[in-house]
Amino acid sequence: MNKKKENKKKNKKLGWLWMISLILFVILLAGMVLLYRNSKEKEEEKTLAYTDLIKEMSFGNIEKVEMTVGSTTIKVKQKNVEEEKTAIIPNTESFVGLVQEKVAEGNEIELVQKPKNILAQIPSFIISFLPTLIMLALFIMIFKMQGLGEKGKVYDDTERKTKIKFEDVAGLDEEKAELVEIVEFLKRPEKFTKMGAKIPKGVLLYGKPGTGKTLIAKAIAGEAGVPFISMSGSEFIEMFAGLGASRVRKLFEKARKLSPCIVFIDEIDAIGSRRTSNSGAETENNQTLNQLLVEMDGFSSEETIIVLAATNRPEMLDKALLRPGRFDRQITIPAPDLKGRLAILKIHAQDKRIAETVNLERIAEDTAGFTGAELANILNEAAIIATKNEHEGIEEEDIEEAVKKVTVGIEKRTRVYSDKDKKLTAYHEAGHAVVSRYLPTQTNVKEVSIIPRGVAGGYTMYKSDEDKYYISKTEMQEKLIALLGGRAAEKLVLDDISTGASNDIEVATKIARDMVTKYGMSDTLGPIDFQGKEPYEMQLFGEDIGDKIGQEVKTLIDTAYNDAQILLKQHRDKLDEIAVALLEKEKINEEDFKRFFNE
Ligand code: ADP
Ligand code: MG
Ligand code: ZN
């Protein structure tokens with residue numbers, strides 16, 4: 001929550017800066033135009049065409065000519081005319097000759113020659129460059145604000161200490177218990193150093209996005225009452241080369257001044273990924289990473305600085321980061337379990353008007369696999385939906401709609417589609433639903449719909465799994481069958497296939513590939529990790545290992561597709577009934593669905 005605020009603040013500042021520079025630019029432009037027009041008008045009044053000048057001269061009407069060395073712009077004073085005028089002459093030498101000729105003829109013309117006036121040229125020089133200069137200055141300012149200069153964000157005095165406490169972090173009880181120690185270190189470092197204990201320098205938080213890593217890092221700072229300086233790994237490497245390292249240096253300079261404090265480096269994988277090749281970006285990363293290591297090795301335990309870093313790709317990290325005295329503590333932040341989800345929902349329900357009838361426990365049961373950020377988002381969406389529906393408070397249906405919105409996208413009832421498309425979608429979705437019904441490991445169908453949502457033409461929603469730590473091979477195989485049930489139904493009934501199955505195919509392929517290359521579930525290839533290996537590493541397993549993997553993946557998919565078709569042929573009556581019902585009602589819920597199977 002706080003981070004959003006910060007960002008908003010930063011954005012606001014940036015927005016203002018852009019506004020001001022835009023306004024300045026417009027004013028400047030307007031000024032220039034005015035100036036130009038004014039001078040043009042005046043020029044018109046005050047200039048004398050060359051031909052007129054020659055004429056006037058032959059009439060003897062010119063009294064005085066003033067020339068500047070090296071310039072073809074001259075000043076002339078006519079008889080009987082008060083004002084001096086300017087004229088542009090094609091060639092100074094021949095003009096001087098002309099004047100001398102006239103003088104020789106008896107005309108009284110005063111010819112004055114002036115030295116080059118450098119000062120006189122400065123104003124126009126400045127004026128023409130001023131806008132560029134100002135824009136340049138502004139750009140530099142904006143860049144600075146975006147963080148080329150000072151980068152470590154320290155909250156200003158009122159905000160420097162985050163107000164987030166452990167109680168704001170729901171679930172994660174064990175993780176919090178582990179981190180309490182860090183809070184103690186920060187609060188009373190001398191207690192530990194007296195005992196001869198070395199204070200840990202770095203803690204790495206592993207976990208997928210939205211699981212609350214930033215939140216918990218802030219909570220540590222909040223609990224200890226110390227400043228929280230944060231920076232994201234990707235910020236280190238954007239923009240210019242060589243800057244990453246200097247930013248790291250600045251970050252730690254600031255940390256030293258504010259110690260005891262917490263330095264939080266988000267997305268540390270962006271700078272700390274394994275040092276392998278020698279490409280440009282890599283070298284740049286290395287400098288940044290090396291600087292980080294130098295800094296971490298550099299500060300003594302008297303300077304109580306604890307570096308917290310977060311990543312969702314621990315396998316990418318350079319091993320040097322994990323050595324003792326650096327990030328030697330690692331804590332995994334998991335996606336919340338049922339208890340955790342309920343706790344998170346309760347926290348985020350606090351500032352919302354939720355109807356008494358809402359059963360948050362049921363919502364928690366229905367949202368297995370959701371992260372804290374997603375749950376917070378769902379409640380927020382639900383509040384928006386409830387407002388639109390003009391409900392007194394957020395009702396359960398609002399929350400359910402929010403879950404669907406977050407997972408499949410918003411309902412698009414107005415999208416027109418042909419009867420043929422409708423039939424195809426109906427059979428496709430009925431295919432998924434019927435197939436899953438006959439697969440023991442697959443969860444029950446919760447809703448089948450042919451109302452388009454997001455990019456999907458229709459969808460089949462399943463009941464949420466209970467929290468599981470492991471997924472069996474059988475379960476994965478059956479998941480493949482369920483995923484391909486849509487395509488199988490299209491083929492079986494319409495004897496043609498459509499693009500509507502593309503997402504199913506994508507997901508199925510990924511599962512099949514993981515089964516073979518990550519989970520070692522292929523009988524022929526055995527329990528070997530093939531994932532993310534460099535080609536030379538793969539060669540260890542034989543020249544044609546790529547072919548073999550491909551073959552295994554294909555076999556898994558082919559088998560699943562075939563099984564789906566067999567199931568659908570066996571239960572063709574159910575498939576037809578459900579497809580017809582979908583065409584009629586557009587949406588079938590759990591109870592309706594069970595009725596087709598006399599449950
Ligand atoms: P991460 O840094 O792991 O990507 P964040 O800490 O930024 O995740 O979490 C984003 C938001 O999700 C938080 O600001 C908070 O609103 C919500 N959130 C995530 N996990 C929790 C949790 N355990 N308890 C309460 N809110 C949470
Ligand atoms: Mg984060
Ligand atoms: Zn599908």
Using a cut-off of 17 Å between alpha-carbon atoms, which aspartates and glutamates can reach residue 176, once sequence neighbours fewer than 8 places away in the same chain are excluded?
167, 168, 184, 223, 337
Among 379, 492, 507, which residue has its Cα positioned farthest towards the positive end of the charge dipole of the chain, with +1 placed on the Cβ of Lys and Arg, -1 on the Cβ of Asp and Glu, and the dipole taken about the Cα centre?
379
Percent relative contact order of segment 417-548, based on C-alpha pairs within less than 8 angstrom and at least six residues apart?
20
Go through 208/473; 346/574; 163/346; 79/116; 161/468; 405/468 and tell me which ones have a Cα-Cα distance over 31 Å in this structure.
346/574; 161/468
Compute the Cα gyration tensor for segment 162-245, then decide on rounded, prolate or oblate, letting a ≥ b ≥ c be the square roots of its eigenvalues: rounded whenever a/c is under 1.5, prolate when a/b is larger than b/c in the other cases, and oblate in all that remain.
oblate
For residue 329, list long-range residues whose amide hydrogen, built 1.01 Å from N in the peptide plane, is under 5 Å from its own amide hydrogen.
202, 204
Would you tally the net charge around residue 531, using a Cβ to Cβ cut-off of less than 12 Å, leaving residue 531 out, and scoring K and R as +1, D and E as -1?
-1
So with the 1.4 Å probe, I'd like the accessible area per residue for the chain, rounded to whole Å².
56
In this structure, the FRET efficiency calculated for residue 455 and residue 32 from their beta-carbon separation, with R0 = 51 Å, to the nearest 0.05, is 0.55
Viscosity 0.692 mPa s, temperature 37 °C, Stokes-Einstein D of segment 280-426 from Kirkwood C-alpha radius, µm²/s
167
Pairwise label distance in nanometres, residue 555 with residue 234, each label 7 Å out on the Cα-Cβ vector:
4.0
Under 19 Å from the Cα of residue 102 - aspartates and glutamates, other chains or at least 8 residues apart:
52, 56, 63, 66, 93, 110
Can you compute log10 of I(q)/I(0) for the chain with the Debye formula, treating each Cα as one identical point scatterer, at q = 0.05 Å⁻¹?
-0.43
Part-to-part distance (alpha-carbon centres) for segment 525-539 and segment 474-492, which is given in Å
28
Above 13 Å lies some portion of the pair distances; for segment 461-521, what is it as a whole percent of all C-alpha pairs?
68
Dipole in debye (nearest 20) - the chain, about Cα centre, beta carbon charges: Lys, Arg +1; Asp, Glu -1:
1700
Taking Cα pairs under 8 Å and at least six residues apart, what relative contact order does the chain come out at, in percent?
9
Which entries of 463/587; 194/257; 412/587 have Cα-Cα distances beyond 21 Å here?
194/257
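The values are calculated or read from the model by the stated rules, or taken from the named source; none is laboratory data. Just so it is clear, the model here is predicted, and its values are computed rather than measured. Please note: Cβ atoms are built from the backbone with ideal geometry, for glycine as well, and neighbour counts cover all protein chains shown. SASA here: full protein model, heavy atoms, side chains in, ligands and nucleic acids out. Shrake-Rupley method; radii C 1.70, N 1.55, O 1.52, S 1.80 Å.
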